Amino acid sequence: MNLTLSKLFLVFLLLFSMKLTFAQPRVGDFVNFSAGLGLTTANESNYYGGTGYYAQVEYVTCEKKWFGVRPYVGFVSTTGDDRDLKNRYTPYYAATSAVFFGGKVRVCAPIPYVAPFIECGLGFSIGNYQTYTPNRNIKMNGIDTHIPFSIGLSFGRKTTTDVMFSYYFNQKSHQVAGGAAIGFLIPIK
């Protein structure tokens, strides 16, 4: 039975990868502007977080219709929330005020008018980070490495509008910063 399931999975993966070539409407260079609600949480629990603002600009190069390279620069600014956990006040929070930059790649799925995507890469953040939880009390200024991860949908006739969740997993500050955003793709040339 396991052998049959693995064969079915391989056939599905092969068919899916063949269809990926139709995921994006065109090849070329673009600029993507996105902005939205900034979010920060501590790595150990999403109860300890903050909200604020998020903005990002990407230079997009698509050599293939299903694959794009995206160098980016952006800004996130959040303040800590005093959240109510089971009707109790908690002083714990995570807050970020940072500029971030790096590079990531996007892979799209082949659905007309709505193209789900996933992005991943590597980058750096420069700014102020605060993570105050029962296990950590981190206040740092400076450079932190991060791993960007985004998931979302590109939609429209030419899939030029994005709705996404973009997260930046910061290593030293033990927090995840990012945003829930809407983006617009503008062709260059």
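The values are calculated or read from the model by the stated rules, or taken from the named source; none is laboratory data. Treat the numbers as computed from the prediction; the structure is a model and nothing was measured. Glycine also receives a Cβ, built like all others from the backbone with ideal geometry; neighbour counts cover every protein chain displayed. When the accessible area is computed, the model is the full protein with side chains, heavy atoms only, and any ligands, DNA or RNA have been set aside. Shrake-Rupley method; radii C 1.70, N 1.55, O 1.52, S 1.80 Å.
Some points to look at:
- Residues (among the polar types (S, T, N, Q) and part of a strand (DSSP E or B)) located in segment 27-76: Asn32, Ser34, Thr40, Thr41, Ser45, Asn46, Thr51, Gln56, Thr61
The rows are residues; the columns are (1) under 21 Å from Arg70 (Cβ atoms); (2) surrounded by fewer than 15 Cβ atoms within 10 Å (Cβ to Cβ); (3) free of Cβ contacts under 8 Å to residues at least 40 places away in the same chain.
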residue: Gly103; (1), (2), (3): yes, yes, yes
residue: Leu122; (1), (2), (3): yes, yes, yes
residue: Ser125; (1), (2), (3): yes, no, no
residue: Lys158; (1), (2), (3): yes, yes, no
residue: Asn170; (1), (2), (3): yes, no, no
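- Residue within segment 112-121 that is part of a loop (DSSP other than H, G, I, E, B) and on the phi > 0 side of the Ramachandran plot present: yes
- All conditions but one from (1) without any contact (Cβ under 8 Å) to a residue 60 or more places away in the chain; (2) assigned to a strand (DSSP E or B); (3) open to solvent by 10 Å² or more (accessible area, probe 1.4 Å) apply to Val176; the one that does not is (1).
- Among (1) in contact with a Pro (Cβ under 8 Å, 6 or more places away or on another chain); (2) modelled with pLDDT of 90 or more, the one test that His146 misses: (1)
- Subset of segment 139-156 (residues that are open to solvent by 80 Å² or more (accessible area, probe 1.4 Å) and closer than 11 Å to Gly183 by Cα): Phe155
- Residue count for segment 43-60, restricted to those that are out of contact with any Lys or Arg (no Cβ under 8 Å at 6 or more places or on another chain) and open to solvent by less than 70 Å² (accessible area, probe 1.4 Å): 8
- Which listed residue, of Gly123, Gly156, is at pLDDT 90 or above and not hydrophobic (A, V, I, L, M, F, W, C): Gly123
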